[in-house]
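Here is the structure we will look at, set down as structure tokens.
The values are calculated or read from the model by the stated rules, or taken from the named source; none is laboratory data. No experiment lies behind these values; they were computed from the predicted model shown. When we count neighbours, we look across all protein chains shown, and the Cβ atoms used for this are built from the backbone with ideal geometry, even at glycine.
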Amino acid sequence: MGTYRSIFVSDLHLGTKFSKTKAFLNFLKHNESKSLYLVGDIIDGWALKRKIRWTQSHSDVIQKLLRRARKGTDIYYITGNHDEFLRSFLPLVLGDRIFIKNDASYKGLNGKNYHITHGDFFDAITMTKKWLAILGDYGYDLLLHLNSPIRKVRRLFGIKKEWSLSKYVKDNVKSSVSFITDFETILANYAKQKKFDGVICGHIHKAEIKRIDGVDYMNCGDWVESCTALVETHKGEWKIIEWTLDED
């Protein structure tokens, strides 16, 4: 059982076929924290408009989070572009321990102040060309669909090592790599301008801890492919946890 001061997760995309809800429930079962930050795109409103894929495990996630709040965990839900339908109601407090807002600040045990944001406000495509962002979302879904047949073919040839086409494109196609680099730099610059020591975000589905121009940049990753969480230990250390649970 892992026990942390705070856990940060993003991009669960409940309501989609590819949400790794079983892995996330298993992660919650084995990891606890005083505070839990849901850093955007937890419920995928875009996908729900197209086709609802809401299984029992998706409901179980909501129930598990509510139960955790009742047992004393402070839960902060930071909205993202896919759950932007919540933004017209913000700020919102549910019960005593669930806080829903657009962004937040966090003071680490290391004395540093962090800005918490999903990150879509710093994505020019999402903010100025929503139609293009939605088109890109369809393309990402297509790549995720192709992952399954590719995995089966690889296993037929005895290749057991996991490989993701969507992750390969994200990590290696020049335009994608350039977008990620620009995104990280823009967020770090914003945090620096606002006198924060660091930024915690999601959005681009790429878990990361690094320094950018004197600023701590930390991305939670996602629960569609990577199944990662950012945690702060009770000693003030920051780590990325990769959680593995085969759902096939």
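Numerical summary
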read-out	value
Looking only at segment 18-30, and only at residues there that are among the polar types (S, T, N, Q) and buried (at least 19 other Cβ atoms within 10 Å of the Cβ), the one that is nearest to the chain's Cα centre (by Cα)	Ser19
Counted residues, segment 50-108 - those being touching a residue at least 12 places away in the same chain (Cβ under 8 Å), among the polar types (S, T, N, Q) and in a helix (DSSP H, G or I)	1
Matching residues, segment 187-212, being of a type outside the set (Val, Ile, Thr), in contact with a helix residue (DSSP H, G or I) (Cβ under 6 Å, 6 or more places away or on another chain) and farther than 25 Å from Ser33 by Cα	Leu187
Residues of segment 34-49 classified as in contact (Cβ under 8 Å) with a residue 24 or more places away in the chain and more than 17 Å from the chain's Cα centre (by Cα), total	2
Positions within segment 200-229 being within 11 Å of Leu12 (Cα to Cα), surrounded by fewer than 22 Cβ atoms within 10 Å (Cβ to Cβ) and small (Gly, Ala, Ser), in sequence order	Ser226
Selection count, segment 215-225, where residues are under 20 Å from Glu237 (Cβ atoms) and not aromatic (Phe, Trp, Tyr)	6
Selection from segment 31-49 of residues that are closer than 27 Å to Phe121 by Cα and in contact with a Phe, Trp or Tyr (Cβ under 9 Å, 6 or more places away or on another chain)	Ser35, Leu36, Tyr37, Leu38, Val39, Gly40, Ile42, Ile43, Gly45, Leu48
Restricting segment 31-57 to residues that are surrounded by fewer than 20 Cβ atoms within 10 Å (Cβ to Cβ) and β-branched (Val, Ile, Thr), the residue that is farthest from Lys71 (Cα to Cα)	Ile52
Lone unmet requirement of (1) in contact with a strand residue (DSSP E or B) (Cβ under 6 Å, 6 or more places away or on another chain); (2) at pLDDT below 95; (3) closer than 22 Å to Phe24 by Cα for Pro91	(3)
When residues of segment 67-122 are limited to those that are of a type in the set (Asp, Glu) and more than 19 Å from Asp41 (Cβ to Cβ), the one surrounded by the fewest Cβ atoms within 10 Å (Cβ to Cβ)	Asp96
Selection within segment 69-83 - closer than 15 Å to Val9 by Cα and at pLDDT 95 or above	Thr73, Asp74, Ile75, Tyr76, Tyr77, Ile78, Thr79
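This table checks each residue for (1) at pLDDT below 85; (2) more than 19 Å from the chain's Cα centre (by Cα).
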| residue | (1), (2) |
| --- | --- |
| Ser166 | yes, no |
| Ser176 | yes, no |
| Phe183 | no, no |
| Gly202 | no, no |
| Gly214 | no, yes |
| Glu237 | no, yes |
| Ile241 | no, no |
